[in-house]
1. Around residue 189, which amide H atoms from residues at least 5 apart in sequence, or from another chain, sit under 5 Å from its own amide H, with H modelled in the peptide plane?
2. Return the tail of the calculated pair distribution for the chain, meaning the percent of Cα-Cα pairs more than 23 Å apart.
3. Counting Lys and Arg as +1 and Asp and Glu as -1, each charge on the Cβ, what is the dipole of region 70-156 about the Cα centre in debye, to the nearest 20?
4. Quick one: net charge around residue 68, please, counting Lys, Arg +1 and Asp, Glu -1 for every other residue with C-beta under 12 Å from its C-beta.
5. Can you give me the Rg/Rh ratio for region 1-78, using Cα atoms for both radii and the Kirkwood formula for Rh?
6. Taking only Cα atoms, what is the 0 to 90° angle, nearest 10, from helix 19-29's long axis to the longest principal axis of the chain?
7. Ranked from highest to lowest mean number of other Cβ atoms within 10 Å per residue, what is the order of the peptides 152-164, 43-55?
8. Quick one: dipole size for the chain, taken about the Cα centre, charges +1 on Lys/Arg Cβ and -1 on Asp/Glu Cβ, in debye to the nearest 20.
Amino acid sequence: MITLAALDIAGTTVQEGGAVYRALHDAVRRHGSTAEVSDVAHWMGADKRTAIRALLTLGGDPTAVEKAFADFERLLREAYDTTPPVPMPGVVEAFAALRDRGAKIALTTGFSAEVTDLLLERLGWQDGTVDAVVCTDDVPAGRPAPYMVHRAMERTGALRTADVLTVGDTVLDLEAGSNAGAGVVVGVLSGGVPRETLATAPHTHVIPSVAELTDVLATL
């Protein structure tokens with residue numbers, strides 16, 4: 001029985017065109033980092049301050065973490081103003097299938113609360129679409145630590161980790177789900193991480209996108 005589904009946001013339930021990683025790359029480059037796109041990709045799914053701190057060690061100013069983070073948030077807002085994020089195809093149906101099984105729905109994200117609120121506002125998901133939202137601001141450490149999943153359990157009243165399903169599009173998402181003890185750990189390819197890379201992380205399923213989550217649920 002699945003009592004809670006904890007799903008990542010960008011690349012998993014929300015299509016935002018990779019704006020977050022372009023903004024992250026631009027922000028650290030403005031503070032001297034020589035990071036390439038491949039360096040940024042290594043931090044997909046991570047807490048953004050943690051990612052910025054690491055990327056600034058690549059020739060940048062290590063004291064500029066907060067300035068770079070402010071730049072990142074501003075650049076991301078500008079990107080969302082130009083191209084608003086939209087739900088991934090099939091996500092509404094996946095949410096409905098989870099509700100039909102009696103599961104609560106939580107979103108977990110490496111974004112700050114401010115960026116997450118902006119994103120949910122643009123999506124119109126502030127009306128009870130989900131039961132809980134957990135950001136890295138809410139926990140001692142972001143992925144691959146299990147704390148966001150556990151905080152989602154706390155906020156929704158889920159008691160058994162074995163009854164939790166997690167979904168994400170990055171290696172760190174899958175590691176966090178596994179570290180949390182989730183009974184079902186699903187990777188999706190919609191975020192652009194190749195199957196062979198995603199499959200190196202602990203998982204129970206790897207599927208093309210959240211649209212296929214209903215097929216996974218049918219097997220449980």
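1. Result for residue 189 returns 207, 209.
2. Here the long-distance tail beyond 23 Å is 42 percent of all Cα pairs in the chain.
3. Here the size comes out at about 360 debye.
4. +2
5. Using only Cα positions, Rg/Rh for region 1-78 is 1.06.
6. 30 degrees
7. Highest to lowest by the protection proxy: 43-55, 152-164.
8. 260 debye
Every number in this text was worked out from the coordinates using simple rules, so none of it is lab data. Model, not experiment: these values are computed from the prediction. Note that each Cβ is placed from the backbone with ideal geometry, even for glycine, and that neighbours are counted across all protein chains shown.
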